[in-house]
Amino acid sequence: MTDRQKTFGQVLRARRIAKGYSLRKFAELVDVSPTYLSQVERDKVESPPTVERLNRMADVLGESRDEFVSFAGRVPEDLPRIIQSRPDKFPELLRTTKGLKPDQLRELIERAKEMKKKED
Amino acid sequence: MARTSSTLLRDGVPFLREKQMEAEAQLLLEEYAQAHDWRIAAPVPVEEIIELHLKLAFAIEDLRALLSVDDVLGAIWFTEKEVRVDVRLDPSANPSSLSRYRFTLAHEAGHWRLHRQYYQEDRNQGKLFDGRGQPAFICRSSMKPPAEWQADFFAGCMLMPRNVVRSAWQDWRGNLDPVAVQQLPAVTISTDSKENENATLERFCRSLAGQFEVSAEAMRIRLENPRFLLREVPNTLF
């Protein structure tokens with residue numbers, strides 16, 4: 001997901017239009033009211049939509065759920081549980097990998113996948 | 001839209017012939033049909049035309065609070081390319097407002113297509129009738145100055161295109177013969193005969209209105225021009 005200089009509402013609206021959905025149609029597909037969606041698109045809500053709603057929006061728009069949820073200012077639902085499952089390791093892992101370049105992160109992810117495969 | 005040599009009315013828009021406005025509405029539908037692989041039919045996808053074709057930013061907002069106007073339905077900001085409809089028309093909260101919601105959107109499309117150029121000219125000449133941040137037109141249910149009447153007429157033509165109305169009438173009635181109010185079971189709602197006539201005609205055309213997703217009132221007005229609905233039985237009818 002790019003457009004980092006734009007707000008979540010602006011990006012949401014642009015993606016919805018690009019997919020050819022009217023405000024009302026998209027609201028219906030993601031099960032919110034058009035008035036609420038309009039407020040979200042204009043960044044006039046006190047807090048971002050729930051993760052469940054953001055996931056639905058990402059699915060309808062064909063976006064990555066993780067990126068969409070994070071961009072909206074929420075944390076993907078499963079992450080707190082994962083971190084809390086190994087509080088001695090996951091916080092350290094995140095802090096250590098913070099600042100790595102995207103291709104280095106990709107390499108780490110691939111390595112981790114291989115390690116998991118071997119264990120299976 | 002081609003500008004004609006015409007007298008500017010008080011609110012900065014010229015007199016426009018009904019034929020001109022209908023042609024402009026038809027042109028807009030044809031543009032959208034061509035660009036989006038759509039065949040002109042009912043109901044007209046007015047929301048998509050506003051957002052996807054005219055590329056106007058659309059929002060639903062509490063306009064009554066924003067503009068301090070009690071009976072506001074919608075508003076258009078030309079400079080910002082924005083259309084907003086009052087929150088009370090949101091059809092998801094109030095399904096009976098769907099026809100008014102759609103008509104308000106078509107009405108704003110009318111302002112965009114019929115009046116934008118005059119606004120721009122006034123702006124260029126420093127004769128602005130609104131400033132940046134203020135809507136060019138605030139559309140209310142009670143006040144109908146000429147520009148508002150024109151936008152209403154445009155909306156009727158856009159939501160109920162002449163040829164589609166004709167086909168729908170033919171399918172419904174089995175012919176293209178007009179119907180006069182005297183041929184219908186009378187509806188009495190007041191002591192005013194004009195109001196009773198309107199109510200009679202509107203009850204008659206309610207099912208057609210549903211097909212076009214417009215109000216029975218809008219359908220009745222459209223069916224009176226072209227003359228499918230008549231106030232008097234013409235001599236040639238029987």
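The values are calculated or read from the model by the stated rules, or taken from the named source; none is laboratory data. Predicted, not measured: the structure shown is a model, and the values here were computed from it. Glycine gets a Cβ as well: all are built from the backbone with ideal geometry, and neighbour counts include every protein chain shown.
Within region A:59-79, track down each residue that is of a type outside the set (Phe, Trp, Tyr) and under 8 Å from the mean Cα position of the chain (by Cα).
Our first condition is that a residue be of a type outside the set (Phe, Trp, Tyr); within region A:59-79, this holds for A:59-67, A:69-70, A:72-79.
Answer for region A:59-79, where residues must be of a type outside the set (Phe, Trp, Tyr) and under 8 Å from the mean Cα position of the chain (by Cα): A:64, A:65, A:66, A:67, A:69, A:70, A:72, A:74, A:75, A:76.
Which condition number in (1) within 30 Å of residue B:86 (Cβ to Cβ); (2) of a type outside the set (A, V, I, L, M); (3) in contact with an Asp or Glu (Cβ under 8 Å, 6 or more places away or on another chain); (4) surrounded by 15 or more Cβ atoms within 10 Å (Cβ to Cβ) is the one that residue A:20 fails?
(4)
Among the numbered criteria (1) surrounded by 13 or more Cβ atoms within 10 Å (Cβ to Cβ); (2) farther than 30 Å from residue A:46 by Cα; (3) not polar (S, T, N, Q), which one does residue A:72 miss?
Residue A:72 satisfies every listed condition except (2).
Condition first: without any contact (Cβ under 8 Å) to a residue 60 or more places away in the chain, part of a helix (DSSP H, G or I) and more than 9 Å from chain A (Cβ to nearest Cβ). Now tell me which residues in region B:92-104 satisfy that. Quick ask: steps written out before the conclusion?
First pass over region B:92-104, keeping only residues without any contact (Cβ under 8 Å) to a residue 60 or more places away in the chain: B:92-97, B:101, B:104.
Those left that are additionally part of a helix (DSSP H, G or I): B:95-97, B:101, B:104.
Scanning region B:92-104 gives B:95, B:96, B:97, B:104.
Which of the strands (runs of 3 or more DSSP E) contained wholly in region B:39-91 include at least 2 residues that are in contact (Cβ under 8 Å) with a residue 40 or more places away in the chain and buried (at least 23 other Cβ atoms within 10 Å of the Cβ)?
Working: elements: B:57-61, B:72-77, B:82-86.
The qualifying strands (runs of 3 or more DSSP E) are B:72-77.
With the condition being surrounded by fewer than 14 Cβ atoms within 10 Å (Cβ to Cβ), I'd like the helices (runs of 4 or more DSSP H) fully within region B:162-238 carrying at least 1 qualifying residues. Full working, then the answer.
Values: elements: B:162-173, B:193-204, B:206-212, B:216-223.
Helices (runs of 4 or more DSSP H) meeting the threshold: B:162-173, B:193-204, B:206-212.
If I filter region A:38-47 for residues that are in a helix (DSSP H, G or I), buried (at least 20 other Cβ atoms within 10 Å of the Cβ), in contact (Cβ under 8 Å) with a residue 60 or more places away in the chain and in contact with a Leu (Cβ under 9 Å, 6 or more places away or on another chain), do I get at least one hit?
no
Does region B:182-203 include one or more residues that are touching a residue at least 40 places away in the same chain (Cβ under 8 Å) and either at negative phi or out of contact with any Phe, Trp or Tyr (no Cβ under 6 Å at 6 or more places or on another chain) (or both)?
Yes - at least one qualifying residue is present in region B:182-203.
Determine whether region B:143-157 contains at least one residue that is out of contact with any strand residue (DSSP E or B) (no Cβ under 8 Å at 6 or more places or on another chain), part of a helix (DSSP H, G or I), of a type in the set (Phe, Trp, Tyr) and modelled with pLDDT of 95 or more.
There is at least one residue in region B:143-157 that is out of contact with any strand residue (DSSP E or B) (no Cβ under 8 Å at 6 or more places or on another chain), part of a helix (DSSP H, G or I), of a type in the set (Phe, Trp, Tyr) and modelled with pLDDT of 95 or more.
Suppose we filter region A:12-38 for residues that are facing chain B (nearest Cβ under 8 Å) and not β-branched (Val, Ile, Thr); how many remain?
Taking region A:12-38 and keeping what is facing chain B (nearest Cβ under 8 Å), we get A:13, A:17, A:20, A:22-25, A:27-28, A:33-35, A:38.
If we keep only those that are not β-branched (Val, Ile, Thr) too, we end up with A:13, A:20, A:22-25, A:27-28, A:33-34, A:38.
The total comes to 11.
Take residue A:60 and decide whether it is touching a residue at least 12 places away in the same chain (Cβ under 8 Å), outside any loop (DSSP other than H, G, I, E, B), under 24 Å from residue B:45 (Cβ atoms) and within 14 Å of chain B (Cβ to nearest Cβ). Talk me through it step by step, then tell me what you get.
On the way: touching a residue at least 12 places away in the same chain (Cβ under 8 Å): yes; outside any loop (DSSP other than H, G, I, E, B): yes; under 24 Å from residue B:45 (Cβ atoms): yes; within 14 Å of chain B (Cβ to nearest Cβ): no.
Spelling it out, it is not the case that residue A:60 is touching a residue at least 12 places away in the same chain (Cβ under 8 Å), outside any loop (DSSP other than H, G, I, E, B), under 24 Å from residue B:45 (Cβ atoms) and within 14 Å of chain B (Cβ to nearest Cβ).
Here is a list of conditions, (1) more than 14 Å from chain A (Cβ to nearest Cβ); (2) out of contact with any strand residue (DSSP E or B) (no Cβ under 8 Å at 6 or more places or on another chain); (3) modelled with pLDDT under 95, and residue B:19 meets all of them except one; can you say which number that is?
Of the numbered conditions (1) more than 14 Å from chain A (Cβ to nearest Cβ); (2) out of contact with any strand residue (DSSP E or B) (no Cβ under 8 Å at 6 or more places or on another chain); (3) modelled with pLDDT under 95, the odd one out for residue B:19 is (3).
Here's the yes/no breakdown for (1) modelled with pLDDT of 95 or more; (2) within 14 Å of chain A (Cβ to nearest Cβ):
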| site | (1), (2) |
| --- | --- |
| B:15 | no, no |
| B:25 | yes, no |
| B:44 | yes, yes |
| B:48 | yes, yes |
| B:51 | yes, yes |
| B:59 | yes, yes |
| B:65 | no, yes |
| B:71 | no, no |
